[in-house]
1. Got a number for residues in the stretch 165-174 being assigned to a helix (DSSP H, G or I) and surrounded by fewer than 17 Cβ atoms within 10 Å (Cβ to Cβ)?
2. Only one of LEU178, LEU191 is surrounded by 14 or more Cβ atoms within 10 Å (Cβ to Cβ), closer than 16 Å to ASN272 by Cβ, touching a residue at least 12 places away in the same chain (Cβ under 8 Å) and not assigned by TED's automatic domain parsing to the domain that holds ARG268; which?
3. Anything in the stretch 141-164 that is out of contact with any helix residue (DSSP H, G or I) (no Cβ under 6 Å at 6 or more places or on another chain) and assigned to a helix (DSSP H, G or I)? List them, or say none.
4. Would you check which residues across the stretch 292-309 are of a type outside the set (Phe, Trp, Tyr) and closer than 22 Å to PHE220 by Cβ and list them?
5. Being under 22 Å from GLY38 (Cβ atoms) and assigned by TED's automatic domain parsing to the domain that holds VAL319 narrows it down to one of TRP234, TRP214, so name that one.
6. Step by step: first the residues of the stretch 147-165, then only those that are within 11 Å of the chain's Cα centre (by Cα) and in contact (Cβ under 8 Å) with a residue 60 or more places away in the chain, then the one that is farthest from GLU39 (Cα to Cα). Which residue is that?
7. If ALA205 meets every condition in (1) over 15 Å from VAL279 (Cα atoms); (2) modelled with pLDDT under 95 apart from one, which number is that one?
8. Go through the stretch 87-113 and report how many residues are under 21 Å from the mean Cα position of the chain (by Cα) and buried (at least 18 other Cβ atoms within 10 Å of the Cβ).
Amino acid sequence: MMLSDYPWLLLPYQQLASGIMHKRAHHALLINYVQGSGENEFIENLVNRLLCQNSQQLEPCFKCHSCQLFLSHHHPDYYAITNEQGKQSIGIDQIRNISSKIYEKSQQGGNKVIWIKHAALMTEAAANALLKTLEEPPDSTYFILSDEHNSQLLPTIHSRCFSYFLSTPKLEQSIEWLKNKHDQQYSDNELASALLLSENAPLRAIALLAPEKWQQRNVFCSQLLEVIPQNNYWQLAKTFDNEDFIERIIWFCALLSDALKAKQKAGRFIVNRDQVPLVRLLATQNNEKLSALYHLWLQARNQLLTITGLNKELIIYNVLAQSELISEAKS
């Protein structure tokens, strides 16, 4: 897609492309983003503009030989680095290989661009190797480092880069954009819920609104409406028999958080705007029980997302059993 397909990216692009156009671009740019906000399209356009040898405007010309090479994914002066398949990190050898290449003469006679995706995956050794290059970069060489907004990157790398946060659009703008994509298939409350569950990242919201995925969420919420009054959380076990079980945990955490907001008379801040009856049902429990349930499910979520090698089935069964005990406890 063209950048114009993502209207919320136009101003950020203009801000950064202006430095490129006036030859004031920082040699190392660190872009943090919310996943699903169009980050790849945004950065690809910046890379293209840095490589373009013809444009005098903010946008690349898309016609020169350098642009054509980039668009065909064959530009010899562009290097994209991420963790290799099957590995959890970006190793020092990957950085060393690139460092040796960028000191060579540009094959197209223009800029050289290195995009390090998920930069926080660099090992400490890899980050230190990159640091040396960032301190004394070759001429006409630009680095773009990118990662999610909550990632952890070495402070020394931060200090050598110009940091830029790619913000998500306002909720109202995102709803209008999604309406154009879904032809009024969903209500405003459903669109808002999908966006808020996706940190207001429009492309993540589109994935959640895919008919099969959205139906899975609706079925899960319907099951909760039956399970909660009976305090029969074990009935949820069958919904965790597939690869998307972590989503169910995330969805339930959001619902519990909404119930706590409702009890604090902060209903306007709830995320699940299309599931108000379910939120109200959860809110009939006292604050102590709701808080205990929320922290129980949140802990499971964090464990499953951050710790490898866990017995996922055991964690889920423990959460379901503990949920029943919490709900049974006397007020």
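1. Filtering the stretch 165-174 for residues assigned to a helix (DSSP H, G or I) gives 171-174.
After this cut, where a residue has to be surrounded by fewer than 17 Cβ atoms within 10 Å (Cβ to Cβ) as well, the list is 171-173.
Of the residues in that region, 3 qualify.
2. Details: LEU178 fails: closer than 16 Å to ASN272 by Cβ.
After applying the criteria, what remains is LEU191.
3. Of everything in the stretch 141-164, those that are out of contact with any helix residue (DSSP H, G or I) (no Cβ under 6 Å at 6 or more places or on another chain) and assigned to a helix (DSSP H, G or I) turn out to be PRO155, HIS158, SER159.
4. Those that are of a type outside the set (Phe, Trp, Tyr) and closer than 22 Å to PHE220 by Cβ: ALA292, LEU293, HIS295, LEU296, LEU298, GLN299, ALA300, ARG301, ASN302, GLN303, LEU304, LEU305.
5. On the way: TRP234 fails: under 22 Å from GLY38 (Cβ atoms).
Result: TRP214 is the single residue among TRP234, TRP214 that is under 22 Å from GLY38 (Cβ atoms) and assigned by TED's automatic domain parsing to the domain that holds VAL319.
6. Going through the stretch 147-165, the residues within 11 Å of the chain's Cα centre (by Cα) turn out to be 147-151.
Filter again for in contact (Cβ under 8 Å) with a residue 60 or more places away in the chain, leaving 147-149, 151.
Working: ASP147: 9, GLU148: 10, HIS149: 11, SER151: 15 Å.
So, considering only residues that are within 11 Å of the chain's Cα centre (by Cα) and in contact (Cβ under 8 Å) with a residue 60 or more places away in the chain, the one farthest from GLU39 (Cα to Cα) is SER151.
7. (2)
8. Applying the first criterion (under 21 Å from the mean Cα position of the chain (by Cα)) to the stretch 87-113 yields 87-90.
Adding the requirement that they be buried (at least 18 other Cβ atoms within 10 Å of the Cβ) leaves 90.
So the count comes out to 1.
The values are calculated or read from the model by the stated rules, or taken from the named source; none is laboratory data. Only a predicted model underlies this, so the values are computations on that prediction, with no experimental measurement involved. A quick note on method: Cβ atoms are made from the backbone with ideal geometry, for glycine too, and the neighbour counts reach across all protein chains shown.
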